[in-house]
1. For region 45-132, which whole percent of the accessible surface, found with a 1.4 angstrom probe, sits on carbon and sulfur atoms?
2. Which value, in nm² and rounded to one decimal, describes the direction-averaged projected area of the C-alpha convex hull of region 87-211?
3. Quick query: amide H of residue 132 versus all other amide H atoms, modeled in the peptide plane; which residues come in under 5 Å with a sequence gap of 5 or more or a different chain?
4. When 1/r is averaged over all different Cα pairs and the result inverted, which Kirkwood radius in Å belongs to the chain?
5. Name the residues whose placed amide hydrogens come within less than 5 Å of the amide hydrogen of residue 68, ignoring near sequence neighbours (fewer than 5 apart) on the same chain.
6. If the only charges are +1 at each Lys and Arg Cβ and -1 at each Asp and Glu Cβ, what is the size of the charge dipole of region 100-211 around the Cα centre, to the nearest 20 debye?
7. For the chain, with the dipole built from +1 on Lys and Arg beta-carbon atoms and -1 on Asp and Glu ones, taken about the Cα centre, which of 166, 141, 177 lies farthest toward the positive end?
8. Taking every eigenvalue of the Cα gyration tensor of region 25-64, multiplying by 5 and rooting it, what semi-axes result, largest first, whole Å?
Amino acid sequence: MMKTNCSPCLPIVLLGLMVLFGSAARAESPVILVLGDSLSAGYGIPVEKGWVSLLQRRLVERGFPYRVVNASISGDTTSGGLSRLPAALELHRPAIVVLELGANDGLRGQPPMAMSRNLSQMIERSQQAGARVLLAEMRIPPNYGPLYAQKFQATFGELAQHYAIPLIPFLLDGVAGNPALIQDDGLHPRAEAQPQILDNVWAVLEPTLKS
């Protein structure tokens, strides 16, 4: 019988095992799914400087074994998020869903009631899939009229109370209205604003992670 020297194959076998076990470890990490618009997609800044990328770093630094999946698309509305959510839930099977949508509904003057229905369905579908849900409050500029702005903002608190889910108070708290932290378009946060946005999210997310 001819003897075969397999020693050259050993590094290849070890590499294959490392890839296999590494993939398995990633697959076993519970997922935080961020479903949002340009504020979470990192419009106008490097992706790695956006608050969602910073969130992944903070989780690692503080010993939380979660993997963040950013399913945010610039310009998206609650209607678009609702249509995309089922596939994202099926693919990623998240433990936590952070819903950051609604700003574009407001900027387009969409009825708050329609936005509320879309968000309600997203919350319910996420919960039915076994995920805990965090809802980010959005606001719109005052030039849309005080009555509309009030109804728009109140929608998020009402939904959070109805479904007994954590509410992230105004996502851009400490950022909006500060020209040094807003891009030239007057809407989107600069890279320098992202740590503050992360802190706004983290104040609500961390207790959820610990519960």
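1. 53
2. Result: 8.3 nm².
3. Here the answer is 96, 97, since their amide H atoms fall under 5 Å of that of residue 132.
4. Radius from the Kirkwood sum: 18.6 Å.
5. 32
6. The calculated dipole for region 100-211 is roughly 340 debye.
7. Positive-end residue among those listed: 166.
8. For region 25-64, the ellipsoid semi-axes come out as 21, 12, 8 Å.
The values are calculated or read from the model by the stated rules, or taken from the named source; none is laboratory data. Computed from a predicted model, the values in this text were never measured in an experiment. Glycine also receives a Cβ, built like all others from the backbone with ideal geometry; neighbour counts cover every protein chain displayed. Only protein heavy atoms, including side chains, enter the accessible area calculation; ligands, DNA and RNA are left aside. Shrake-Rupley method; radii C 1.70, N 1.55, O 1.52, S 1.80 Å.
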